[in-house]
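The values are calculated or read from the model by the stated rules, or taken from the named source; none is laboratory data. Only a predicted model underlies this, so the values are computations on that prediction, with no experimental measurement involved. Methodologically, a virtual Cβ is constructed for each residue, glycine included, from the backbone with ideal geometry; neighbour enumeration extends over all protein chains shown. In case anyone asks, the SASA skips ligands and DNA or RNA and just uses the protein heavy atoms, side chains included. Shrake-Rupley method; radii C 1.70, N 1.55, O 1.52, S 1.80 Å.
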Amino acid sequence: MQSRHRIFAEDLLLAAEGEDHFDRVPDSLVLIIFNKLADARSLGRCSAVSRRFNALVPLVDDACLRIDRVIPADGADGGAGADALGLAGAPRPRAVLSHLLKAMLQAVLKPFAHCDAKSGAGAHGGKHAQLQHHSPAQVLKNFSSIRNLRMELPVSDVGTDDGVILKWKAVFGSTLQSCVILGGTKVERAAGGTHASVPAAAAADSDATGDDSGSIPESFYTNGGLKLRVVWTISSLIAAATRHYLLREIVKEHPTLEQVALTDAHGQGTLSMGRDQLKEFRDKPLAVAAAANRTQVPACNMKLRYAPLLELSDGTRIHGATLVVIKPVGEAGGIGGGRKELDDFIADTFDGPFREAVGVLSKRRTYLLEMNGF
């Protein structure tokens, strides 16, 4: 004997034969589901399901676009920044740091990648390549109401040796406003009370412990430690400026945007723009670096803090831990123009053990450096 509930359900289905029950779901609820989905390509597929979905998908507030193809830039940027850094400040003279910079720029910097569907299609030729690869702007062109956009590159911009940790976050308006860089020559995580062996590069930093007063040891300048930090800084800024340049068409075509984050799958760097930064980006002309597909980086002040060995509460050990905070010359803060806003931005830049590392390094002695625009 069939249960009464089953018979009742079958009667409802028969009475509503030919009716699509999903049509009973209000548009507001469907949009909540689409916003949770967020992935731009999945939303594009949803728009092909029905006329209703096709009308609702462009109205989503949140979108996430994962870029699956990166096209190398045509030329290197080594020449553009040959005099990018004129480093002056305690405790080393300007000439020494400038010399290190020029050597680094000539030997280390590599071309940075950028997404370019048109050049990608041209490189491979044929109609198939054009159909398979679209620029981010093309993918997002039908989304008319996006407020929060997150884009993810397939790889990190800055190449590092095995074991090296490098993370950065930059805020841009029409140009750089603030950038925080956290680096370490080796990261060890406690496992059973023991730590892995330390590679030579990290050992060089660790050998320079001397005292723990926060002062940078003399060996930091002679064993390549300073040169490595210059490489990290320049490379991270170029990566951030390149990502910023990629957003110009998207920001122009989506006036509803209030928050944009451009990250990478490896979690190395994040370019962030809020409502005020996006307004400035639209209102002010973009300064483009000469012979490079990136925004020009303005002259900046840098604050460098260093610890030969940083031991965190969870047992993580960071060798050669370095924190670099960058802001344009002439700006009191960098985020909202205030010191407190900048301090809050620095403290909240990274998660997990790296958040603690930033907090510990922020209390150490500060070394002031200057950087020319490039």
Checklist entry - Is there a residue in the range 303-310 that is under 23 Å from Gly173 (Cα atoms) and not acidic (Asp, Glu)? => result yes
Checklist outcome for this item: Counting only residues that are open to solvent by 10 Å² or more (accessible area, probe 1.4 Å) and either small (Gly, Ala, Ser) or at positive phi (or both), the range 309-324 contains a total of 2
Checklist entry - (1) under 27 Å from Gly352 (Cβ atoms); (2) surrounded by fewer than 23 Cβ atoms within 10 Å (Cβ to Cβ): which one isn't true of Leu271, the others all being true? => result (2)
Checklist entry - Hey, among Leu262, Leu247, Leu286, which residue is buried (at least 22 other Cβ atoms within 10 Å of the Cβ), farther than 26 Å from Asp343 by Cβ and out of contact with any His (no Cβ under 6 Å at 6 or more places or on another chain)? => result Leu247
Checklist entry - Quick one: in the range 176-215, which of the residues that are β-branched (Val, Ile, Thr) and out of contact with any helix residue (DSSP H, G or I) (no Cβ under 8 Å at 6 or more places or on another chain) is modelled with the highest pLDDT? => result Val187
Checklist entry - Taking only pairs six or more apart or across chains, which ones have beta-carbon atoms under 6 Å, a first residue in the range 319-330 that is modelled with pLDDT under 95, and a second residue that is acidic (Asp, Glu)? => result His319/Asp205; Gly320/Asp205
Checklist entry - Tell me, which helices (runs of 4 or more DSSP H) wholly within the range 1-88 include 1 or more residues that are more than 31 Å from the chain's Cα centre (by Cα) and either under 30 Å from Phe143 (Cβ atoms) or modelled with pLDDT of 90 or more (or both)? => result 27-37, 51-56
Checklist entry - Got a number for residues in the range 348-361 being more than 19 Å from the chain's Cα centre (by Cα) and open to solvent by 50 Å² or more (accessible area, probe 1.4 Å)? => result 2
